[in-house]
Structures are given as structure tokens and as C-alpha cells.
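The values are calculated or read from the model by the stated rules, or taken from the named source; none is laboratory data. What you are looking at is a predicted structure, and each value in this text was computed from that prediction instead of being measured. Positions of Cβ are backbone-derived with ideal geometry, glycine not excepted, and every protein chain shown enters the neighbour counts. The protein model used for the area step is the full one, side chains on, heavy atoms only, and it has no ligands, DNA or RNA in it. Shrake-Rupley method; radii C 1.70, N 1.55, O 1.52, S 1.80 Å.
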Amino acid sequence: MSTDAPIRITLEQEEDYSFRIRFDDTTIADLMTDEPAPLGKGEGPNPTRLLVSAVANCLSASLLFALRKFRNTPGKLVTHATAALVRNEQGRLRVGHIHADIQLAEPGTAHASLDRILAQFENFCVVTESVRHGIEVSVSITDADGVQLHGTARTEQGDS
């Protein structure tokens, strides 16, 4: 991705809280978003879900890139992400924390230079490192054997 060209989208209201997002200057299909009931009909992801998806996707892609850079051939990654909603001082809902749990398809011992990879892959994630200026983001990585390789596990309590 070039840093010279701005990223452009066009957002067009379809009805009520349903919007069509067009990714300008690309051939990417439009995306429909919608707020959950009672505001909308929940017929598409809402902006909060898109934010959580963007963080999880960026972290997963960054880890995959780092694994391959060190000549590993990882299987499919599976990432589960949760966001905790909190109220600010004015009582307005905000995303207070995002946690991404990335699961490797094989044992951690199957990967070369894993310690080095785990120490640096998050720093290359554009979205996560941008979001961290306002939202706490934590990451854990678990291998196929259930061994936690990175970060700390989050409990479902407090996550939504």
C-alpha cells in the first residue's frame, strides 16, 4: 500500500441506519452496514464490529507475514476477537478494550524464530498500532496444542 495515495471510501445511506460503503478506486464489492435493533435491522455489521474485525484481521495478517518471512509454512490461522464496551465520563458507549486471540494450526515448536516473530509482529500492524492510541488492545497466541505462546488469555467476563 502506497503512503502517497489516500484511502477513499464513499458512504451512502440506504435507509434508516443502513449504509452502503463503496471502496473508491478499487474493484472491491460494496459493503452494507447497519446498526442492530432497535436503531437498525442488524442486516450488516455495524461500525464497532468493523473496528474489531479490522484489528483482528490486521494482527492475523501481520503474524502470517512474519511467520512466512522466516520461512515457516503455517497452516490456517483462526482468530477470535472480543470488544468490551464501556461508558465514558459523559455516559456514552465507547470501545474500551479489544482482545484478539490468534490460534496457530500447529505446535509453536514447528516454527523457526518464533520468539523473534512474537516479539515484533504487532509493531507492523497498521490498524492495531493506530487504534492503540485510544483503545487498549491485547493479543494472545495459542498453538494447536492449546499452549499459550504470546500475551495473556482473556476471560469472557467483562468482554462483550
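Observations on the model:
- Residue match in region 4-13 (condition: within 30 Å of Gln120 (Cα to Cα) and either of a type in the set (Asp, Glu) or surrounded by 14 or more Cβ atoms within 10 Å (Cβ to Cβ) (or both)): yes
- Matching residues, region 14-30, being assigned to a strand (DSSP E or B), farther than 20 Å from Cys58 by Cα and open to solvent by less than 70 Å² (accessible area, probe 1.4 Å): Ser18, Phe19
This table checks each residue for (1) open to solvent by 90 Å² or more (accessible area, probe 1.4 Å); (2) assigned to a strand (DSSP E or B); (3) touching a residue at least 24 places away in the same chain (Cβ under 8 Å); (4) not β-branched (Val, Ile, Thr).
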residue: Asn57; (1), (2), (3), (4): yes, no, yes, yes
residue: Leu63; (1), (2), (3), (4): no, no, yes, yes
residue: Gly75; (1), (2), (3), (4): no, no, yes, yes
residue: Thr82; (1), (2), (3), (4): no, yes, yes, no
residue: His97; (1), (2), (3), (4): no, yes, yes, yes
residue: Ile102; (1), (2), (3), (4): no, yes, yes, no
residue: Asp115; (1), (2), (3), (4): yes, no, no, yes
residue: Ile141; (1), (2), (3), (4): no, yes, yes, no
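- Matching entry among Thr109, Thr155 (being more than 28 Å from Thr3 (Cβ to Cβ) and at pLDDT below 95): Thr155
- Candidate set from region 31-45 (those that are touching a residue at least 24 places away in the same chain (Cβ under 8 Å) and within 21 Å of the chain's Cα centre (by Cα)); member that is most open to solvent (accessible area, probe 1.4 Å): Glu43
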